[in-house]
1. Which of the three applies to the stretch 14-312, rounded, prolate or oblate, going by the alpha-carbon gyration tensor with a ≥ b ≥ c and a/c under 1.5 meaning rounded?
2. For an R0 of 41 angstrom, estimate the FRET efficiency from the Cβ-Cβ distance between residue 200 and residue 300 and round to the nearest 0.05.
3. Which percent, to the nearest 5, of DSSP beta bridges fully inside the chain are antiparallel?
4. Using the alpha-carbon centroid of each, what span in Å lies between the stretch 110-168 and the stretch 48-108?
5. Please give the length that would be gained between residue 130 and residue 212 if that part of the chain were fully extended, namely 0.36 nm times their separation in residues minus their C-alpha to C-alpha distance (nm, one decimal).
6. Under a plain spin-label model, where a point goes 7 Å from the Cα along Cα-to-Cβ, how far apart in nm are residue 280 and residue 43?
7. Quickly estimate the mean residue ellipticity at 222 nm for the chain, helices only: each DSSP H run with n ≥ 4 gives -39500 (n - 2.57), and the total goes over all residues, rounded to 500.
8. Need one word for the stretch 158-259: rounded, prolate or oblate. Basis is the Cα gyration tensor (sqrt eigenvalues a ≥ b ≥ c); a/c below 1.5 gives rounded, then a/b vs b/c decides.
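Rule-based calculations on the coordinates, nothing more; no lab input. In this text, all values refer to a predicted model and were calculated from it rather than measured experimentally. Neighbour counts are summed over all protein chains in view; Cβ atoms, including those assigned to glycine, are modelled from backbone coordinates with ideal geometry.
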Ligand SMILES: O=C(O)CCC(=O)CC(=O)O
């Protein structure tokens, strides 16, 4: 999610709005710079639809050696697997079997009657089942970090490690005022959705063609007006009571200029998860794409560190 969110844990409303304005301006600047000169879009795998029995049809990409350790890359809110992780995929798939998933209600993911992070976490295990993957590292960005934590909590025999990026043990919509504001914004955004065409598979898959067109298609493949639903789902997430139980190797990739999930909130993961290692990225909340030059090397170090460690006993 972009940094235009009202920022701050316990911020006053004025402070939050001020921070939001600053964050919004910073993200806009980075987005414009990115549109003019995007992080190289290269060496991406083809994706495919995958039926998850009893759950629905999702969309995944799979790359790297099938017999290498598996890393699931779990994207943040309102993006898609490939859009959120395209800078990271080529950096990881020489050493890892890398899987991205479009979370339900995102991109070409499952369209269910409800959206919950618990269902998203169970989808990860269901994709692993379909791919014949027994154990894997779950790497998640922001909302995806919450999903990764839930995947560990619900499928402890499957998740061998965690890489938690620009995320925390709760999201800001846990605050009812914040949630109400997200709902209001979401209502307004539904009007824009009505005007947007649904992108075709051909445009969504054409990453070698016009990059701007591809990026816009990927962005609009998730409905803007679903923000309120996502915020509600995130409001139910709180891993603080069980963080100390996490017993798998964990790396926390902290975006040190993040105005959406403040570094202090990210640090709660480092403090709360036994043995967690911290990796710093000089970037804001959209650093997985808009600050990929700084993000990708730290992500890569984090994934290698987790994959080379044995579980904390
Ligand atoms: O407000 C928060 O706590 C962050 C929520 C968010 O933006 C999730 C995401 O970017 O995936």
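1. Cα axes put the stretch 14-312 in the rounded bin.
2. Plugging the Cβ-Cβ distance into 1/(1 + (r/R0)^6) gives 0.80.
3. Bridges in the chain are about 30 percent antiparallel.
4. 11 Å
5. Roughly 26.2 nm would be gained on extension.
6. Calculated label separation equals 2.9 nm.
7. Computed mean residue ellipticity for the chain: -13000 deg cm²/dmol.
8. The shape class here is oblate.
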